[in-house]
1. For the range 442-478, name all the residues that are open to solvent by less than 10 Å² (accessible area, probe 1.4 Å) and among the β-branched types (V, I, T).
2. If T159 satisfies all but one of (1) free of Cβ contacts under 8 Å to residues at least 40 places away in the same chain; (2) surrounded by 12 or more Cβ atoms within 10 Å (Cβ to Cβ); (3) not small (G, A, S), what's the number of the condition it fails?
3. Take the residues in the range 83-132 that are over 15 Å from A554 (Cβ atoms) and out of contact with any helix residue (DSSP H, G or I) (no Cβ under 7 Å at 6 or more places or on another chain); name whichever of them is most open to solvent (accessible area, probe 1.4 Å).
4. What do you reckon, is T175 at pLDDT 85 or above and either more than 30 Å from E148 (Cβ to Cβ) or not assigned by the TED database to the domain that holds K304 (or both)?
5. Among the numbered conditions (1) over 43 Å from the mean Cα position of the chain (by Cα); (2) at pLDDT 90 or above, tell me where V298 comes up short.
6. What do you reckon, is V50 more than 25 Å from S108 (Cβ to Cβ), at pLDDT below 95 and either outside the structural domain of L562 (by the TED database) or of a type outside the set (F, W, Y) (or both)?
7. Can you run down the residue pairs with Cβ atoms below 6 Å, 6 or more apart or on separate chains, where the first is in the range 7-22 and at pLDDT below 75 and the partner is open to solvent by 40 Å² or more (accessible area, probe 1.4 Å) and aromatic (F, W, Y)?
8. Looking at P9, P16, which one is open to solvent by less than 20 Å² (accessible area, probe 1.4 Å), over 32 Å from the mean Cα position of the chain (by Cα) and farther than 28 Å from N464 by Cβ?
Amino acid sequence: MSRLEAKKPPLFISEPLTKGTVSQSLTLLSGILKSCYGPAGRLKQLHNGVGGYVCTTSQSSAILSRLSVSHPILSVLMASVQNHICRFSDCGLFTAILCCSLIENFKSLNVASCTVIKISKHLLSLCMDYLKSEACGCRVSVDFSSLETLLCLVRSVLTSKPACMLNKPEVDHLTMLILKAFMFTVPCHVETNAVLGKCIIVPVKGRRVADSTVLPGLLIETPEIQLAKPLAVKRTCSNMIKIALFCVSMSGDLFNPEEGTITVHHGISLEMSEVNQLLNVGKQLVNEEVGLVVCQKVIHPSLKQYLKENHVIAVDRAGLSLMEPLSRMTGSKPIASIHSLSPNCYGSLKDVRLESFASKHFVHLIPNDTVVCSLILCNRSETAWDELKRACETAEHVLQLTVKEPLALLGGGCTETHLASYIRHKSCSLSTSSFKDLDCSRTQYQLVADGFCRSLESVACSLNHDDGEILTDMVYGHCWLVPSGFPSVSNWSDLVSKCGCGINGNTENLNWRLLQGQFGSPIIQGCPKDPSVKVADFLTLDCFAAKCSGLQVALETANLILDLSYVIEDQN
């Protein structure tokens, strides 16, 4: 009989944030994420300890999903950020860096955590009220009758992903393609509950980015169809192509013993019986003028040949991912059984063509109304293509979020520094009754507000990766990046031409101050102004919904972690 080991008591860790290992881990995680931030961010290679796939990226979605952490506090932080990324796709690094900075700055204050949490919630409400107000100086309205702002949004997403390895013409080309693909997914006939369509990304690796293109409808890869042969497809009397969509196997496989037992009479071939049933289905499809059959799984060769002889195109192995967009695009209902076909389950198409890209052959399904499109995405290497795919999906999601809330925030660190300037201004003008409501002193409020502002400014400072200087002006509260190699006593007016977002130029005395190392400098006396003149042709913009959510998630997660008194670990 084996010896039983006594059950160990759980491990209680009190005040986990005061432990050196936690602080070191937070600092390390913050450093990794900060080094990835922005267009000049440094790339990371992630792989497991025994080899396998190597991921080269600077995107938070790829980094956080591949980083393994052992401490519960880091797990909470990463889970919060990953949940934000799942919902919004964008601003993951912003959220994570801000959260780390808030924890670091707040825990260094000589203020009780409960007081810090109350004050920080008030600061967050000030930020959100300001961002949602018409008076907000770091917000831009998105006009869907003009492409300019939409192009800026997409371009900002692509240029912030250096691992995509794109040059300027390639960024311009992809920006137009992504916007065109998005426009295809917008319904032509707006209903009460309009739903956006879908863009399917088709991979073509080893080709130039400039070869990428977008087509209305769906592309299904079909290696066995020869392009040299003319495509004869049966049409209905109204010149449409009727389509049947099967989500069940049509391979003629024998009965699965796990599903039960069947009795087969002597002389009966179960396989031939199954094939005959498939051919009967084929005859019904031909009689009902179906011109295209698409199957999620495999179609038996005999059925394929029969359909081909009757000018019906058969496409199999379409895969589960295409079923929903195919059904929506054609109006067909996926058929789940070969034993019962209803005339109401068929859909229709405008046309079917054959297309070839690189060495791949596709059947191109062209719908009557385009709500689904195919983005043929090319890049020179597999690593760069994987990163580019994630960037394109993020850009598409940003556009979808912008339809719901047609606003954008200034990028390039300008929203962060502008918000910090605004909070410093507001915190000086609060009434005594506000401090009573928060049950704190003016000094405590100022300390927490300063830590909050320094955290926002540290995110802007993370854009600097080349030992340059980061400035903010005392008029608009925007962020200005100075190239490396210039002394800190330089005349800043000679070194900067426009702010991080590109909306302000160096045309007036803006009275700059350094951000790095000088967080205790005097606050802006007046509220930061709203820029009236746009300088750059293309602004750097951030998704409004994603950034607002990131700000809330970062602060709420930081407060949750600050409020932790114990971590209890099971030792068994």
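The values are calculated or read from the model by the stated rules, or taken from the named source; none is laboratory data. Predicted model only: the values in this text are computed from it and were never measured. Neighbour counts run over all protein chains shown; Cβ positions are idealised from the backbone, glycine included. Ligands, DNA and RNA are stripped out before the accessible areas are found, and what is left, the full protein with its side chains, is counted by its heavy atoms. Shrake-Rupley method; radii C 1.70, N 1.55, O 1.52, S 1.80 Å.
1. Hits for the range 442-478 are V448, V459, I470, T472.
2. Going through the list (1) free of Cβ contacts under 8 Å to residues at least 40 places away in the same chain; (2) surrounded by 12 or more Cβ atoms within 10 Å (Cβ to Cβ); (3) not small (G, A, S), T159 breaks only (1).
3. Here the answer is N110.
4. yes
5. Here V298 meets the rest and fails (1).
6. yes
7. From the range 7-22, the pairs are F12/Y566; S14/Y566.
8. Only one candidate passes the filter, namely P16.
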